[in-house]
1. Taking the highest mean first, how do the peptides 209-220, 74-85 order by number of other beta carbon atoms within 10 angstrom per residue?
2. Explain nothing, just compute: Karplus ³J(HN,Hα) = 6.51 cos²θ - 1.76 cosθ + 1.60, θ = phi - 60°, for every residue of region 86-91 in order, whole Hz, x for Gly and Pro.
3. With the other protein chains left in place, how much accessible area per residue, in square angstrom, belongs to the chain at a 1.4 angstrom probe?
4. Mind checking which lysines have their Cα closer than 17 Å to the Cα of residue 105? Skip sequence neighbours fewer than 8 apart in that chain.
5. So how far apart, in nm, are the two label points at residue 53 and residue 108 if each is 7 Å from Cα heading toward Cβ?
6. Return a whole-number percent for the relative contact order of the chain, with Cα pairs under 8 Å and 6 or more residues apart as the contact set.
7. Suppose the chain between residue 4 and residue 78 were pulled fully straight at 0.36 nm per residue; how much longer would it get relative to their current alpha carbon spacing?
8. How high is the relative contact order of region 1-71? Use alpha-carbon pairs under 8 Å, at least six apart in sequence, and give a whole percent.
Amino acid sequence: ASFIRIIDENGYRYVKNIVGENEKDKVIKLYLGIDNVNIDDTKMGFIKKDKYRVVVPANLIEVKGHTYAIEAFLELKRRGITNVECCFYGNGELKDSFTRQIEEKEIRDMVRLGGYIKNSDLLKQYKNKQVDIVLLPSIKLSESEHEGIPVCLMEAMSYGIPVISTNTGGIPELLKDHCGMIIPDKSASAIADAIVELILNRDRYNELSINGYNRVVDCFNNDRNTGEILNLIKEAVKKTQ
């Protein structure tokens, strides 16, 4: 191999340790990217509403941690905080289980399953300021079963929408330096606390909105990162000629 492209710091360190001393300089960390959004199309900053909307854009599988989001909204209801609602966008093997949990906990007025949504339609909701917070309550199932750096968080951040996610996999790398709220995994109370902080603390909301947008623009630009890959390939071809 002329080079080995890794997309997060955890993978970068792991691969450098196993390839051997003579090959480690071939290992390169280069993030995935998304198409950056014009700042005029972002939901930059807090907007006071009668009801705030949280979206979880993730397939309905165990590693995404939806169960803890359901528990979090039950906790919010117990606290008397009912001016916030959540939509799970996605399909998966746990759909029936989550439907039962929502019904049994009597929080159908707060949490619903939105099913599959086209990415373009979800981004249109972001652009039209229909989403206030994006939540990804992912959990670590094992050393090999956890998140990388989720594109769904990058997309929300690119529209200036604050994100809440867990300290698993590559998520802290994306959300470091106050670019998003990082909470422990498998903690419904931490999810509830984070949501309350964002809907009550305008300054905190605005900080994450601005920092998150800038983080994606600076490090996760699809055109720039793809250009770097192309340059690596061109250099590799030159060396073989």
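1. The peptides rank, most packed first, as 209-220, 74-85.
2. Once rounded to whole Hz, the list reads 9, 10, 8, 9, x, 10.
3. I get 51 Å² per residue for this part.
4. 77, 95
5. 2.1
6. That works out to 25 percent.
7. Fully extending the segment from residue 4 to residue 78 adds 21.6 nm.
8. Relative contact order, region 1-71: 27 percent.
The values are calculated or read from the model by the stated rules, or taken from the named source; none is laboratory data. Since the structure is predicted, the reported quantities are computational estimates derived from the model, not experimental observations. We place every Cβ from the backbone using ideal geometry, glycine too, and count neighbours over all the protein chains shown. Only protein heavy atoms, including side chains, enter the accessible area calculation; ligands, DNA and RNA are left aside. Shrake-Rupley method; radii C 1.70, N 1.55, O 1.52, S 1.80 Å.
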